[in-house]
Amino acid sequence: MIMDNDFVVWFAKSFGLFYLIALSIVIVAYAYWPSNKKRFDHAAQSVLGHPDEPHRDEPWR
């Protein structure tokens, strides 16, 4: 079988579609996995728990 341009384009579009669907399912499953809840809650609270002040590593010169 000789691969012509139409076949390659069809295969790339189909493979890309299924790849993105599978990747989306994996990302959603990771985000809602019960063992990750503690890590995500801690990350959310660490951002909200600190006052909104400028970073002061070095004093102004």
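Computed from the coordinates by the stated procedures, all read-outs in this text should not be read as laboratory data. Please read all numbers here as calculations on a predicted model, not as lab measurements. Ideal geometry is used to build each Cβ from the backbone, glycine not excepted, and the neighbour counts take in all protein chains shown.
Overview of results
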| read-out | value |
| --- | --- |
| Approximate spin-label separation SER46-ASP4, in nm, with each point projected 7 Å along Cα-to-Cβ | 5.7 nm |
| Computed lengthening from LEU17 to SER35, 0.36 nm per intervening residue step minus Cα-Cα distance | 3.6 nm |
